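The values are calculated or read from the model by the stated rules, or taken from the named source; none is laboratory data. All values reported here derive from a predicted model rather than from experimental measurement. FYI the Cβ positions are ideal-geometry reconstructions off the backbone, even for glycines, and counts take in every protein chain you see. Calculation scope for accessible area: heavy atoms of the full protein, side chains included, ligands and nucleic acids excluded. Shrake-Rupley method; radii C 1.70, N 1.55, O 1.52, S 1.80 Å.
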There are 2 protein chains.
Amino acid sequence: MKTYCFTLSYDGSRYRGWQRQGNTDSTIQAKLEQILSRMLGHRVEVHGAGRTDAGVHAARQTASSRFETDLTPEEIQHYCNRYLPDDIVVLSCRVAGDRFHARLNAKGKQYRYCINDSGTPNVFRRRYVCVWPQPLDEERMRRAAALMVGTHDFRGFSSVSRRFKKSTVRTIHSIDIARTDGELQLVFHGTGFLYNMVRILTGTLVEIGQGTRDLDSIRAVFETGDRQLAGITMPPHGLILENVDYDSSVMAEIDARNPHTQEPAQ
Amino acid sequence: MKTYCFTLSYDGSRYRGWQRQGNTDSTIQAKLEQILSRMLGHRVEVHGAGRTDAGVHAARQTASSRFETDLTPEEIQHYCNRYLPDDIVVLSCRVAGDRFHARLNAKGKQYRYCINDSGTPNVFRRRYVCVWPQPLDEERMRRAAALMVGTHDFRGFSSVSRRFKKSTVRTIHSIDIARTDGELQLVFHGTGFLYNMVRILTGTLVEIGQGTRDLDSIRAVFETGDRQLAGITMPPHGLILENVDYDSSVMAEIDARNPHTQEPAQ
């Protein structure tokens, strides 16, 4: 029995998100499990680091699974890519330490939200960018983003239910806002993100950028935890999970077990 | 009666190409004509500079049309974008000189062909990039491309029928080959291109790049005009019409008639 670490990329447009839901197979997890189960001849479970929502994409999602096979990691990767639809790709498959778990070991994540506020839509990016009808003031958004960075209770900036008992405290390391090719791109790097948190933080920043919301409102959301005081939930198609971070010791162990395969470039 | 110059961008995936075909409306020209005709209350014709094939995209196609209306060019643009599907966008609409004709006045065109030979598919680019299963030797391709540049009879590098009576002599100004973001991109700049010419030139260069064809074969195709001696026709989805060139005097006249609108950035 070995533990395998998968890096995968997907266009989430057609899917109901990462996580398997009952009998439906229109999730990324279900697609991957189906193919691995067929390869092995028995059911196998796959754990993803981030449970991306319906319509959200991933440039690099990490997943882990435990099973026994005579196939090499490269053969497993090729088998998956042969049978996966063309909007899901396994970028790498490597042997990990026995106790590696993609979600439990993840120590951080990076998400990118792409907005086109230029007035000129880009047809080639339409599935991955949210079009906003007004130009956004990125300097104002940067000042607001600085107030979100750090360790806070992000309950009000999430869609978790009121009865959610676990901690809603998270740490955002950085929010970088940059204009690239006519798009305003917001990159969030943090320890973890609550349900809809990146989309609500982005919606709040967008309202600030278009001038219909004050910077002070951010403090009020932190203090009250009231979702109603935060901005809109931005649509899913502008969001992409860019990377999942692990401790360097975890990555070093994977590297040591897979001397001939390199982690794909980010 | 005024002549209008349109710049448009489209994802050609869903279409049977630019040119209207009988009763089908699944062409870009038909979509645009339909909407302008509805706006004006009578049938109107639109002339595109390049007749892109089924599945081929355009970042900047130029089109012209003559009609009378009280609407401003900006209002025409907004009307079109309101009713066009989200894979076709009018980037600009401007008043042109009375005798402006997008196809007849075009003096050059630029096409880009994108190939991913890295072994790792990019799911976000899959509709716009041709995946090639072997790494290509770009230096060898550059040497071959140099033999294609210049004024030649490109009949053998096209799908024109044997009975095609017009001249098949064209001038290619440059073929630039560069690696960008894991893709090999070939940019063709020339006076004009015959039916399938860019896709067959690319197919020939790809066979040279994978080592299954000699550079000498290019001269043989020019000398015999025999399509059978050239390479494969590459699939349409990797091809994009990037720009249409006009004489600076033509553009200066359009600029003078539209002091308040700028040509969209390339």
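Just wondering, is there one or more residues in region A:57-74 that are part of a loop (DSSP other than H, G, I, E, B) and within 22 Å of B:ASN122 (Cβ to Cβ)? Checking region A:57-74: not a single residue is part of a loop (DSSP other than H, G, I, E, B) and within 22 Å of B:ASN122 (Cβ to Cβ). Scanning region A:165-179 turns up no residue that is open to solvent by 70 Å² or more (accessible area, probe 1.4 Å), in a helix (DSSP H, G or I), away from chain B (no Cβ under 14 Å) and over 24 Å from A:GLU242 (Cβ atoms). Residue-level check: of (1) closer than 21 Å to B:THR204 by Cβ; (2) open to solvent by 70 Å² or more (accessible area, probe 1.4 Å); (3) of a type in the set (D, E, K, R); (4) out of contact with any strand residue (DSSP E or B) (no Cβ under 6 Å at 6 or more places or on another chain), B:ARG155 misses just (2).
Of all the residues in region B:10-32, those that are modelled with pLDDT under 95 and among the acidic types (Asp, Glu) number 1. Inside region B:122-137, residues that are buried (at least 18 other Cβ atoms within 10 Å of the Cβ) and either farther than 30 Å from A:VAL129 by Cα or away from chain A (no Cβ under 14 Å) (or both) make up a count of 2.
Suppose we filter A:VAL221, A:VAL244, A:VAL250 for residues that are outside any loop (DSSP other than H, G, I, E, B), over 30 Å from A:THR72 (Cβ atoms), β-branched (Val, Ile, Thr) and more than 14 Å from chain B (Cβ to nearest Cβ); which single one remains?
Only one candidate passes the filter, namely A:VAL221.
Looking for something open to solvent by less than 30 Å² (accessible area, probe 1.4 Å), of a type outside the set (Gly, Ala, Ser) and farther than 23 Å from A:THR7 by Cα - is there at least one such residue anywhere in region A:225-248? So far as region A:225-248 goes, yes, one or more of its residues are open to solvent by less than 30 Å² (accessible area, probe 1.4 Å), of a type outside the set (Gly, Ala, Ser) and farther than 23 Å from A:THR7 by Cα.
Restricting attention to region A:67-82, the residues that are open to solvent by 10 Å² or more (accessible area, probe 1.4 Å) and within 14 Å of chain B (Cβ to nearest Cβ) total 5.
Scanning region A:180-216 for residues that are assigned to a strand (DSSP E or B) and touching a residue at least 12 places away in the same chain (Cβ under 8 Å) gives A:GLU183, A:LEU184, A:GLN185, A:LEU186, A:VAL187, A:PHE188, A:HIS189, A:GLY190. Restricting attention to region A:1-42, the residues that are within 14 Å of another protein chain (Cβ to nearest Cβ) and surrounded by fewer than 16 Cβ atoms within 10 Å (Cβ to Cβ) add up to 2.
Beta carbons closer than 8 Å, at least 6 apart along the sequence or on distinct chains, pair a first residue in region B:1-26 that is over 26 Å from B:TYR246 (Cα atoms) with a second that is among the β-branched types (Val, Ile, Thr) and exposed (fewer than 14 other Cβ atoms within 10 Å of the Cβ) for B:ARG16/B:THR24. State whether the residues of region A:53-66 include one that is open to solvent by 10 Å² or more (accessible area, probe 1.4 Å), over 17 Å from the mean Cα position of the chain (by Cα), away from chain B (no Cβ under 14 Å) and polar (S, T, N, Q). No - not one qualifying residue is present in region A:53-66.
With respect to A:ARG257, determine if the residue is basic (Lys, Arg) and either open to solvent by less than 30 Å² (accessible area, probe 1.4 Å) or within 14 Å of the chain's Cα centre (by Cα) (or both). So A:ARG257 does not fit the description; no. Would you mind stating whether B:GLY119 is without any contact (Cβ under 8 Å) to a residue 40 or more places away in the chain and small (Gly, Ala, Ser)? Yes: the conditions hold for B:GLY119. The single condition among (1) of a type in the set (A, V, I, L, M); (2) assigned to a loop (DSSP other than H, G, I, E, B); (3) open to solvent by 50 Å² or more (accessible area, probe 1.4 Å) that A:VAL160 does not meet is (3).
Yes/no matrix, rows are residues, columns are (1) within 23 Å of the chain's Cα centre (by Cα); (2) open to solvent by 50 Å² or more (accessible area, probe 1.4 Å):
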{"site": "A:VAL187", "(1), (2)": "yes, no"}
{"site": "A:THR202", "(1), (2)": "yes, no"}
{"site": "A:GLY209", "(1), (2)": "no, no"}
{"site": "A:ARG219", "(1), (2)": "no, yes"}
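Given the condition more than 27 Å from B:GLU45 (Cβ to Cβ) and not aliphatic (A, V, I, L, M), answer yes or no: does some residue in region B:89-106 qualify? No.
Matching residues to (1) under 17 Å from A:GLY192 (Cα atoms); (2) not polar (S, T, N, Q):
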| residue | (1), (2) |
| --- | --- |
| A:THR72 | no, no |
| A:TYR83 | no, yes |
| A:ASP98 | no, yes |
| A:ARG103 | yes, yes |
| A:VAL149 | yes, yes |
| A:PHE154 | yes, yes |
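Mind counting the residues in region A:86-111 that are open to solvent by less than 60 Å² (accessible area, probe 1.4 Å) and within 14 Å of chain B (Cβ to nearest Cβ)? It would help to see each step written out before you state the result.
Here is the first cut: in region A:86-111, the residues open to solvent by less than 60 Å² (accessible area, probe 1.4 Å) are A:87-97, A:100-102, A:105-106, A:108-111.
Still in the running and within 14 Å of chain B (Cβ to nearest Cβ): A:87-93.
Number satisfying all stated conditions: 7.
Just a yes or no: is a residue in region A:113-121 of a type in the set (Val, Ile, Thr), surrounded by fewer than 22 Cβ atoms within 10 Å (Cβ to Cβ) and within 14 Å of chain B (Cβ to nearest Cβ)? Within region A:113-121 (the criterion being of a type in the set (Val, Ile, Thr), surrounded by fewer than 22 Cβ atoms within 10 Å (Cβ to Cβ) and within 14 Å of chain B (Cβ to nearest Cβ)), the answer is yes, since at least one residue qualifies. Among the conditions (1) touching a helix residue (DSSP H, G or I) at 6+ places or on another chain (Cβ under 8 Å); (2) closer than 14 Å to A:TYR4 by Cα; (3) within 14 Å of chain B (Cβ to nearest Cβ); (4) not small (Gly, Ala, Ser), A:GLU45 misses just one, which is (3). Just one of (1) at pLDDT 95 or above; (2) touching an Asp or Glu at 6+ places or on another chain (Cβ under 7 Å) fails for B:ILE172. It is (2).
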